[in-house]
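Worksheet for the structure shown next.
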Amino acid sequence: MNCIIVDDEPLAREAVENLLELTPEITLIGTFSSAVQAQKFMTKNQVDLAFLDINMPGLTGIEFAKTISNQTLIIFTTAYSEYAIDSYEVDAIDYLVKPIEIERFKKAVKKAESYYLLLNQEEKENVKQINSDFFFVKSERKYLKINFSDILFVEGLKDYVVLQLSDQRIITHNTLKSMVSMLPQQLFMRVNKSYIINTQKITAFDNNDIFINDYEIAIGDSFRDDFFEKFVTKIRK
């Protein structure tokens with residue numbers, strides 16, 4: 001699992017880093033002194049687990065957690081035990097009170113690992129037989145064959161994704177992160193936090209939006225450069 005640490009206190013970040021050195025199954029890919037910095041990082045990087053302080057200036061840990069997709073697990077790290085009830089509102093995996101003891105830390109990590117494996121297994125079970133031209137997705141208790149060329153776009157809705165075809169919408173229990181790895185990159189591109197588009201279905205675009213038939217999809221700020229570099233440059237050649 002890839003993880004990040006978000007805490008406005010340098011010593012607190014260092015303490016979690018030291019604990020992570022004793023748990024090699026978790027890979028630290030970033031440390032941040034504010035939730036805003038972490039938000040920007042997460043738009044372009046896969047984060048499986050966040051060690052998140054609660055009482056931070058500006059955007060608090062609870063407020064930040066409400067913006068994080070369910071694809072990222074959360075373990076709160078805080079000096080204030082009274083926030084424990086608030087952590088349940090955002091489905092945090094665990095709640096660690098500073099100073100964090102190593103055995104308590106390992107227990108929280110073990111819990112996160114178990115949940116992570118369960119989520120990934122469930123995603124795999126909902127997609128069968130990925131072929132060069134199609135795959136099968138589970139929807140309404142049966143597996144449906146979906147041709148990649150028939151998909152207009154994929155929309156993420158919490159723990160579900162919507163495959164929008166020209167004539168129907170198919171909803172399956174999965175995540176947008178998982179879909180990114182399954183769809184052929186030569187056809188599909190993520191253009192904001194909630195949408196993956198089939199670039200061959202684009203009918204028009206401007207600096208801010210992409211149009212696919214009657215659908216209008218916003219280009220996210222952190223995805224704009226990538227879209228214009230990869231798609232627009234390609235069609236000009």
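The values are calculated or read from the model by the stated rules, or taken from the named source; none is laboratory data. Remember, predicted model here, so these are calculated numbers, not experimental data. Here the Cβ positions follow ideal geometry from the backbone for every residue, glycine too, while neighbour counts run over all protein chains shown. Heavy atoms of the whole protein, side chains included, go into the accessibility calculation; ligands, DNA and RNA do not. Shrake-Rupley method; radii C 1.70, N 1.55, O 1.52, S 1.80 Å.
In whole Å, what is the distance between the alpha-carbon centres of the stretch 13-36 and the stretch 153-221? The distance from the Cα centre of the stretch 13-36 to that of the stretch 153-221 comes to 32 Å. Heavy atoms of the protein chains alone define the surface here; on that basis the chain has 55 Å² accessible area per residue at 1.4 Å probe size. When peptides 149-160, 43-54 are ranked by their average number of other Cβ atoms within 10 Å per residue, the highest-first order is 43-54, 149-160.
By accessible area, using a 1.4 Å probe on protein heavy atoms only, the chain has 48% of its surface on carbon and sulfur. Modelled spin-label separation between residue 186 and residue 140, with each label point placed 7 Å from Cα along the Cα-to-Cβ direction: 3.4 nm. Within the shell defined by Cβ-Cβ distances under 10 Å, the residues around residue 5 carry a net charge of -3, with Lys and Arg each +1 and Asp and Glu each -1. Positive contributions from Lys and Arg (+1) and negative ones from Asp and Glu (-1), summed over other residues with Cβ under 11 Å from the Cβ of residue 16, come out at -4. Magnitude of the charge dipole for the chain, about its Cα centre and with charges confined to Cβ atoms of Lys, Arg (+1) and Asp, Glu (-1), is about 960 debye. In terms of its C-alpha gyration tensor, the stretch 138-237 has a prolate overall shape, because the principal axis ratio a/c (a ≥ b ≥ c, square roots of the eigenvalues) is not below 1.5 and a/b outweighs b/c. Electrostatic bookkeeping for residue 42 treats Lys and Arg as +1 and Asp and Glu as -1; over the other residues with beta carbon under 14 Å from its beta carbon, the sum is +4. Of the options 149, 162, 191, report the single residue whose Cα projects farthest towards the positive end of the charge dipole of the stretch 145-197 (beta-carbon charges: Lys, Arg +1; Asp, Glu -1). Positive-most Cα among the choices belongs to 191. In plain terms, the bigger the Kirkwood radius, the slower the diffusion; for the stretch 1-113, with that radius from Cα pairs, at 37 °C and 0.692 mPa s, Stokes-Einstein puts D at 240 µm²/s. Protection proxy ranking, highest mean first, for peptides 1-13, 168-180, 17-29: 1-13, 168-180, 17-29, where packing is the per-residue count of other beta-carbon atoms within 10 Å, averaged. Along the axis of the charge dipole computed for the chain (Cβ charges of +1 for Lys and Arg, -1 for Asp and Glu, origin at the Cα centre), the listed residues 204, 215, 134 are led at the positive end by 134.
Helix 102-125 and the long axis of the chain differ in direction by around 10°, with both axes built from C-alpha atoms. Each stretch of four or more DSSP H residues adds -39500 (n - 2.57); spread over every residue of the chain, this sum gives -8500 deg cm²/dmol at 222 nm. Can you give the translational diffusion coefficient of the chain in µm²/s, computed by Stokes-Einstein from the Kirkwood radius over Cα pairs at 10 °C and 1.306 mPa s? Rounded to a whole number, D works out at 82 µm²/s. The distance between label points at residue 211 and residue 171 comes to 2.9 nm (points 7 Å beyond Cα on the Cα→Cβ vector).
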